[in-house]
Amino acid sequence: MEQTGSVIRFPVPFESGPQARAIFAPFRAASPERSFVVAQLGQSLDGRIATVSGESRDISGGAALDHLHRIRSHVDAVVVGAGTILADDPQLTVRRIAGKNPARVVIDPCGRIGARGKWLARDGSQRILITASAVARGEGAEIVRIDAHQGLIPPAAIIEALFARGLRRILVEGGARTISNFIDSGCVDRLHVLVAPVIIGSGRTGLDLSPIERLDMALRPRAEVHVLGGGDVLFDCDLTACRKRSN
Ligand SMILES: Nc1c(N[C@@H]2O[C@H](COP(=O)(O)O)[C@@H](O)[C@H]2O)[nH]c(=O)[nH]c1=O
């Protein structure tokens, strides 16, 4: 059965309209004295970020992917975990829109990724590999060693290391475990969840935070909602109330 949903059109293109200005206002307003961390997650209506086989490329529509690239262009560094490098071999550039490529940062506590990959392209962007392993490799990347605790490098230590290198505005892009770990550690200022009008029905779920016992313990961030062309819906959530700060 082939079905296409209805497409919502807007008179003003998202990128040049007041929506985009409102969404990126917190990025511009962020204090130069502190880090500013945004996490982004593209998921289906039923909360999936990939099929059971790991396919994730076409969940978000074109406007949502443009939005992701626009976030990349508004930050100093984009951060992904080793699992995302192994699953997607991402480029992490802003090629869908006009703008400057951010530094590319990979968290690989145990040295799982190979020495080569698209993220290591010598295109003038800074490349940083954060690891606790003595054998981690990344051709041409700066290697930053930080101790891991139970296999995880603490997000606050990563943010601090990036801040020390002048990388203040940070996008944590994936995967879901990396984003969840940053949120659980109180290290995210804003969360952009892009919900695509697609139902996958099974497969990998998005956020997976530490369990809570009661609903009144749930995070209830102030959220602004934007409908993007193509029908993806952006929930722009303000997590500053749960942010723990060291810088
Ligand atoms: N396809 C997709 C996402 N793709 C993101 O982009 C990365 C690939 O980057 P690049 O190689 O630069 O295109 C991939 O690892 C993932 O983080 N994100 C989402 O929210 N929803 C999607 O549907």
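The values are calculated or read from the model by the stated rules, or taken from the named source; none is laboratory data. Everything quoted here is computed from the prediction, not taken from an experiment. In this analysis, Cβ positions are derived from the backbone assuming ideal geometry, glycine residues included, and neighbour counts consider all displayed protein chains. The area values use the complete protein model at the heavy-atom level, side chains included, leaving out ligands, DNA and RNA. Shrake-Rupley method; radii C 1.70, N 1.55, O 1.52, S 1.80 Å.
General remarks:
- Accessible area in the full protein assembly, largest first, 1.4 Å probe, for L239, L86: L86, L239
- For V233 and R96, the difference between the fully extended length at 0.36 nm per residue and the C-alpha to C-alpha distance is 47.4 nm.
- The simple Förster model, with R0 at 30 Å and r as the Cβ-Cβ distance, assigns R222 and R165 a FRET efficiency of 0.45.
- The candidates H74, H149, arranged from most to least accessible area with a 1.4 Å probe in the full protein assembly, appear as H149, H74.
- Charge dipole magnitude, Cβ of K and R +1, D and E -1 - the range 2-242, Cα centre, debye nearest 20: 640
- With a cut-off of 10 Å between beta carbons, the residues surrounding P154 carry a summed charge of -2, where Lys and Arg count +1 and Asp and Glu -1.
- Relative contact order computed over the chain (Cα-Cα under 8 Å; 6+ residues apart), in percent: 29
- Radius 14 Å from Cβ of P221, net charge of other residues (Lys, Arg +1; Asp, Glu -1): 0
- Within the full protein context, the accessible area of V225 is estimated at about 90 Å² for a probe radius of 1.4 Å.
- GNM result for the chain, Cα springs below 10 Å: residue of G230, G186, G114 fluctuating most strongly: G114
- Cα shape, the range 40-122, gyration tensor, a/c 1.5 rule: oblate
- Accessible-area value, E33, 1.4 Å probe, nucleic acids and ligands omitted, Å²: 130
- Inter-part distance, the range 53-131 to the range 151-194, computed on C-alpha centroids, equals 14 Å.
- Each Lys or Arg adds one and each Asp or Glu takes one away; over the other residues whose Cβ falls under 9 Å from the Cβ of A22, this sums to -1.
- Largest mean-square fluctuation among G229, G62, G17, in a Gaussian network model of the chain whose springs join Cα atoms under 10 Å apart, belongs to G17.
- The sum of -39500 (n - 2.57) across all DSSP H runs of n ≥ 4, divided by the residue count of the chain, sets its helix-only mean residue ellipticity at 222 nm to -6000 deg cm²/dmol.
- For the range 11-74, diffusion coefficient by Stokes-Einstein and Kirkwood Rh (Cα), 10 °C, 1.306 mPa s, µm²/s: 115
- Overall form of the range 2-242 per C-alpha gyration tensor (a/c, 1.5; a/b vs b/c): rounded
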